[in-house]
1. Any idea which of LEU212, LEU188 is closer than 20 Å to ALA289 by Cβ and out of contact with any strand residue (DSSP E or B) (no Cβ under 7 Å at 6 or more places or on another chain)?
2. Would you check if ALA396 is touching a Ser or Thr at 6+ places or on another chain (Cβ under 9 Å), not acidic (Asp, Glu) and not assigned by TED's automatic domain parsing to the domain that holds GLY174?
3. Find the residue count for region 337-352, including only residues that are buried (at least 22 other Cβ atoms within 10 Å of the Cβ) and either of a type in the set (D, E, K, R) or in a helix (DSSP H, G or I) (or both).
4. Considering each of ALA11, ALA62, ALA76 in turn, give the residue that is modelled with pLDDT of 95 or more, outside the structural domain of PRO249 (by TED's automatic domain parsing), aliphatic (A, V, I, L, M) and under 24 Å from HIS248 (Cα atoms).
5. Count, please, the residues in region 439-468 that happen to be charged (D, E, K, R), more than 15 Å from PRO421 (Cα to Cα) and not in a loop (DSSP other than H, G, I, E, B).
6. Given the structure, is SER83 of a type in the set (Ser, Thr, Tyr) and either part of a loop (DSSP other than H, G, I, E, B) or under 30 Å from GLU353 (Cα atoms) (or both)?
7. Exactly one condition in (1) assigned by TED's automatic domain parsing to the domain that holds CYS106; (2) over 25 Å from SER265 (Cβ atoms); (3) among the β-branched types (Val, Ile, Thr) is false for VAL384; which is it?
Amino acid sequence: MKKTMIFASVASVFCCGALEFDGVFQSHMVLQQGRTLAVSGRAAPGERLTLDFAGQKVSGRAGKDGRWRLELSPLAASGTPRSMILTGEKESLKLDDVLVGEVWLCSGQSNMHWPLARSLNGRETAAESDFPRIRILRIGASAAETPQKSFKAKWQALAPKNAGGLSAVAFYFGRKLHKELNVPVGLLCAYQGGTMIEPWTPAGAYDAYPELKKSVAERFRKAPDPKSKSPKDWPRNQPHVLYNGAIHPLTPYTCRGVIWYQGCSNVWYDTKDEYLLKQQALFDGWKKAFAAPGMKFYAVQIAPLERSGAAARNHVGIWLAQQEFADRNQPAVKLAVINDVGDLKTIHPVNKEPVGLRLANLALKYDYGKDIPADFPRVLNSEVKNGAVHLSFRSAEGWKTTDGGPARNFELAGPDGKFVPAQALIRGAGIIVSAPGIPAPTAVRYMYDCSRLGNLVNEAGLPLGTFKKSVKK
């Protein structure tokens, strides 16, 4: 007797619990170009399966637990809609309108969550944003006690009707890549306002740091309270819960890397050293979860904000921790500095376009080989001459100020270690820093007050970030 193959839609198969793709594999998705692609899901235990896409046909069997995983060889970018067909022993599934291009995960807290429609010129930009080859998957950041596989979000083409609700940072990042590379772009969006780094971190990620693991356990041992004024007490901020609910369901998917904007909520609790280790734990945990040891991770240094007391000190500590984390993990991790485009009166500055573009330029240079100015200036050497500190830099051929005034926010310390405000004179690619009453400076620092905007940028308009450096005579 001839066997009849039943063709089923993905939705109907999910309902009856038979053959299925993992939730992130859907119609209208963008697959990552140039990488071996794992596609996965569930079927009857031991069921023989064949996956057919873009001229490739691969076969295998589901395991005893019903899980299956099939690999496609690297694909070239393509904006031509194609179908992916999964064939089992009794039925088949088809995903339509599948493109191949560049895929990035966009995650973090409220400044990544901040929608395009509420950003500077965002409504006008959204109304003009008809990009059928940019696809978005916006995951609801649901907290979960255990790692989840499914979610309700659907892949969509970027259009005026949905652009306004998309993360403004993700939008500007994705649009820049799409225009420069002329390939489809997929944006996996998992973000939530008011969240600390702990809920985004996988369980087990703190095991390599016993003291950190202990301090996290002690900090969050109180029962969650959604009405508390303290972020650490909120249900969505408990360790691992957002990784479980929003990131883990995405881990079967292959992507180029991550853009990450978070840190404001950890200002209330973390020293520089604590947040440094927490970033490392999250990054290492995500690389393991995605089976992506070469994962790229482009982070945003949090913006300046009027603060006082411990929060102000910790804010600067977060800046330093973010830079040190990037330095320790070169070339995989890069940091976008934004101390020149903040708003001191709000934790949510609305000028998001420079943030997304700076992230995109880092990716364009380091992932796609574009010869563009994307690196932020860093101190190279310091030397005392005639009572002033002469600084040289890398990634700076010249300097300018955003307001046309003198460079602000430099300080010098003498032998007593006490810092005082200093004057900074631009001399070509260098800067000369001096201060009355400090004839023998021993250290120089910049942007050690989070309540001030930076106004010093290099010739490409990229700002100098927070630093402290001992100087030699």
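1. Going through LEU212, LEU188 in turn, the sole match is LEU212.
2. Values: touching a Ser or Thr at 6+ places or on another chain (Cβ under 9 Å): no; not acidic (Asp, Glu): yes; not assigned by TED's automatic domain parsing to the domain that holds GLY174: yes.
It is false that ALA396 is touching a Ser or Thr at 6+ places or on another chain (Cβ under 9 Å), not acidic (Asp, Glu) and not assigned by TED's automatic domain parsing to the domain that holds GLY174.
3. Qualifying residue count for the region: 1.
4. Working: ALA11 fails: modelled with pLDDT of 95 or more; ALA76 fails: under 24 Å from HIS248 (Cα atoms).
Selected residue: ALA62, the only one of ALA11, ALA62, ALA76 that is modelled with pLDDT of 95 or more, outside the structural domain of PRO249 (by TED's automatic domain parsing), aliphatic (A, V, I, L, M) and under 24 Å from HIS248 (Cα atoms).
5. 0
6. So SER83 fails the test.
7. Condition (1) is where VAL384 drops out.
Each row is one residue, and each column tells you yes or no for (1) among the basic types (Lys, Arg); (2) free of Cβ contacts under 8 Å to residues at least 60 places away in the same chain.
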| position | (1), (2) |
| --- | --- |
| THR50 | no, yes |
| ARG67 | yes, yes |
| THR80 | no, yes |
| MET84 | no, yes |
| VAL103 | no, no |
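The values are calculated or read from the model by the stated rules, or taken from the named source; none is laboratory data. Keep in mind that what you see is a predicted model, and the values were worked out from it rather than measured. As a convention, Cβ positions derive from the backbone with ideal geometry for all residues, glycine included, and neighbour counts pool all protein chains shown.
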